[in-house]
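**Student:** Could you have a look at this structure, given as structure tokens, before my questions?
Please treat every number below as a calculation from the coordinates, not as lab data. Everything numeric in this text was worked out from a predicted model, so none of it was measured. Positions of Cβ are backbone-derived with ideal geometry, glycine not excepted, and every protein chain shown enters the neighbour counts.
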Amino acid sequence: MIEKKVEVLLIEDNPADALLIKHTILAINGFSVHVSTVSTLAEAFTFLENQSTDLILLDLMLPDSQLGQTFETLIARHNQIPVVVLSGIDNRELALSAIKDGAQDYLVKGEIDDKLLERTMRYAIERAKLLNAQKKIQEDIQAQDALLKLITNISSAFINLSSEQIDAAIIQSLYSIGTFLQVDKVFVFELSETDDAIHAYYQWPEPNQPIDYILSNIPLREYWWLMKKLHAEGVIRFYDTSQLPSNIDHLRQVLQTQNIRSFMITGLFNQNKVRAIIGLATVGKPGQWNTETISLLNTSGEVFYRAIKKKQTEEKLKESERRYRSLVENIDEGLIYVGLDERIQFANQSMCNMLGYTYDEIIGKNFLNDLFHSEGLMSGGLNLFSGKRDLLLKSQYEIPIRKKNGEKVWVIIHNHPITNNKGKKIGAMGTLVNITDRKGTEEKLKQANEELKTFIYRTSHDLRGPLASVLGITNLAHMEITDIRALQYFAYINKSTQKLDKTLKSLIDVASITQPDEKYEAVDFRELIIEVIDNMNYTNGLENLSIQLDIQQINNFISNKQGISHIFEKLIENAVSYRKLDIPNPSLLIKVDADQEVARIELEDNGIGIPKELHQKIFTMFFKGGERSRGSGLGLYIVDKLVSSLNGKITIDSQVNVGSKFSFTLKSL
């Protein structure tokens with residue numbers, strides 16, 4: 001349960017996304033959180049060096065990280081902080097890759113609400129805490145086991161003991177020490193790491209009442225002299241307690257009240273501080289102790305101390321396991337464990353509810369044969385398996401599975417191999433998220449988009465036919481009619497009709513780029529650009545634009561020739577539309593540097609330029625840059641989408657009254 005204020009670092013370079021996510025976090029009721037925001041990895045590293053952080057929300061597309069390496073770069077320096085990655089619709093694969101590499105979860109921008117965000121954040125933090133706690137506990141147990149190998153004969157009494165048996169084993173061992181040394185009392189106790197108070201106290205023979213425990217009613221902080229001597233010498237021996245120094249008179253009174261004649265204690269050190277004490281006492285007679293006695297106390301005391309710590313650790317581990325099981329049983333996601341035989345050995349309640357089975361019914365079922373839906377098997381759902389159907393390959397995938405009643409349920413499966421302490425695979429743990437509703441929504445959206453695209457494409461084509469007739473008739477009328485006013489009207493009709501025809505053509509282009517032509521062929525950039533310019537001879541104003549080519553191409557460049565032609569056509573149209581009308585030499589320089597792997601392309605004009613505040617908007621649909629804009633506002637939107645479909649990215653560098661330069665890089669396919 002998260003009780004203290006949670007410190008969250010949001011790494012997001014888009015101010016709008018950052019503001020929206022931060023607002024969503026702060027809107028969560030009953031969740032105390034403080035959100036810090038940075039926009040680059042460099043800023044994040046500086047922040048993390050100086051501030052404590054409980055959770056990182058990471059945008060995978062940052063300006064100072066390479067594509068696909070954002071998460072890897074972050075966890076290389078900060079792998080102890082849980083990370084939830086943020087992805088866009090178009091970079092889910094990067095998010096899923098980060099999940100495989102250790103991210104707690106991922107969220108898709110635009111699909112985040114306060115409930116989803118709260119659950120994801122709480123689960124990521126709690127899961128990270130539990131995993132870190134279990135890791136520390138396991139390290140403690142391993143250290144204890146290593147130390148137990150060094151102890152002497154008495155240590156064998158504590159081998160394979162449960163935490164419930166340790167108390168009896170210590171008392172029995174104290175009895176063995178007491179009878180062997182012929183002393184009346186043997187005791188051992190641990191000191192609190194915070195205030196040196198006594199706890200975990202054991203004594204033989206066990207007294208009838210607590211007051212009879214040696215030192216039980218004396219806080220160790222009062223024994224400044226005793227502790228100082230223990231730190232200096234490691235052992236203290238008093239053969240006659242009546243002769244104790246006056247500065248520890250309180251201790252002398254306690255010992256004499258219990259009729260203790262001789263007294264010896266030895267300190268057990270941890271990080272140069274006394275953490276436990278083991279001691280002997282005789283009643284009414286002096287003790288006879290030598291170096292072997294001290295050696296036995298040191299050896300057995302070390303065993304006792306480790307046994308006590310082991311008991312405490314196991315109790316903490318059991319408590320941690322109880323909390324972890326409670327978490328597993330209460331999470332919404334299905335959770336299963338599959339053995340090497342592909343049969344389910346564990347399933348949480350959410351998994352049972354998802355598929356309609358009871359726990360006893362689902363245990364033992366073959367994960368592949370009994371639960372996978374036939375559609376998933378038929379559609380290549382086994383691509384996560386090797387030739388031997390190895391379920392242990394770490395992976396993430398979407399697939400339909402079958403409920404008890406035969407219904408299909410779509411799930412995202414996060415599959416993680418489980419290994420033993422020798423690194424041998426022993427099974428796989430899978431987390432299943434029900435995405436049936438999302439799949440239905442996606443299918444409806446896909447269908448609606450297809451219908452819309454088809455409607456736009458067919459309607460535009462149908463409208464262009466009558467428009468062509470209108471253009472033909474107006475041109476014919478223009479040749480036959482001599483009335484000046486009528487000719488003016490026909491000119492207006494012709495101009496408007498051409499504008500509408502151009503808009504319809506752009507709509508057809510928009511509909512087409514959602515399914516680009518997959519025909520790839522060798523591209524000769526000089527030949528292609530000249531052909532585009534020749535086909536644009538009808539464009540008004542093209543004759544007033546001086547176009548210069550600087551083409552440097554070696555070897556074949558393979559790509560979508562039709563798509564590249566559309567890109568150049570739209571960018572040249574843009575240069576024509578926004579050329580300066582008051583200068584004698586409007587110009588456009590087209591530079592291409594291409595080889596068999598990549599093409600770097602620039603189109604630079606000396607036109608009117610674009611204000612800096614509009615640079616991020618010009619590639620949006622229906623955006624018009626100013627009074628000079630007479631088009632549909634789709635040209636640069638089409639360019640951006642075509643460049644993206646060819647695995648490229650376009651940028652602009654423009655100044656008002658200086659000109660604009662469009663730059664993009666395409667990879668050979």
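**Student:** Distance from the Cα centre of region 563-621 to that of region 97-112, in angstrom?
**Tutor:** Cα centroid to Cα centroid, the span is 37 Å.
**Student:** Please sort by residue number the chymotrypsin sites (Phe, Trp or Tyr not before Pro) in region 515-616 whose DSSP state is loop and whose Cβ has at most 14 other Cβ atoms within 10 Å.
**Tutor:** Sparse-neighbourhood loop chymotrypsin sites (Phe, Trp or Tyr not before Pro): 520, 538.
**Student:** Counting only residues 5 or more places away or on other chains, whose amide H sits under 5 Å from the amide H of residue 289 once H atoms are built in the peptide plane?
**Tutor:** Result for residue 289 returns nothing.
**Student:** Quick one: net charge around residue 262, please, counting Lys, Arg +1 and Asp, Glu -1 for every other residue with C-beta under 12 Å from its C-beta.
**Tutor:** Charge balance in the 12 Å sphere: +2.
**Student:** Ok, one more. Residue by residue, what Karplus-based ³J(HN,Hα) values in Hz, rounded to whole numbers, does region 401-418 have, using 6.51, -1.76 and 1.60 with θ = phi - 60° and x for Gly and Pro?
**Tutor:** 10, 10, 6, 4, 8, x, 5, 8, 10, 7, 9, 9, 10, 9, 10, 10, x, 10
**Student:** Also, quick follow-up: Could you let me know the centre-to-centre spacing of region 249-291 and region 1-47, using Cα atoms, in angstrom?
**Tutor:** With region 249-291 and region 1-47 each reduced to a Cα centre, they are spaced 57 Å.
**Student:** Same structure again: Would you mind checking which residues have amide H under 5 Å from residue 103's amide H? H placed 1.01 Å from N; only 5 or more apart, or other chain.
**Tutor:** none
**Student:** Still on this model: For region 659-666, what does the Karplus curve 6.51 cos²θ - 1.76 cosθ + 1.60, with θ = phi - 60°, yield as ³J(HN,Hα) per residue in whole Hz, taken in order and with x for Gly and Pro?
**Tutor:** With the stated coefficients, region 659-666 comes to x, 10, 10, 9, 10, 7, 10, 10 Hz.
**Student:** Still on this structure, please answer the following. Would you mind checking 115/649; 4/115; 22/444; 425/667; 570/612 for any pair whose Cα atoms are more than 29 angstrom apart?
**Tutor:** 115/649; 22/444; 425/667
**Student:** Would you mind getting me the FRET efficiency between residue 358 and residue 40? Use the beta-carbon distance for r and R0 = 45 Å, nearest 0.05.
**Tutor:** According to the calculation, E is roughly 0.30.
**Student:** Which ³J(HN,Hα) values in Hz, rounded to whole numbers, follow from the phi angles of region 522-539 under the Karplus curve 6.51 cos²θ - 1.76 cosθ + 1.60, where θ = phi - 60° and Gly and Pro get x?
**Tutor:** Per residue, the Karplus-derived 3J(HN,Hα) values read 5, 10, 9, 4, 5, 4, 5, 5, 4, 5, 4, 5, 4, 6, 9, 4, 6, 5 Hz.
**Student:** Using a 10 Å cut-off around each Cβ, can you sort 61, 429, 264 from fewest to most neighbouring Cβ atoms?
**Tutor:** Starting with the residue having the fewest Cβ neighbours, the order is 429, 61, 264.
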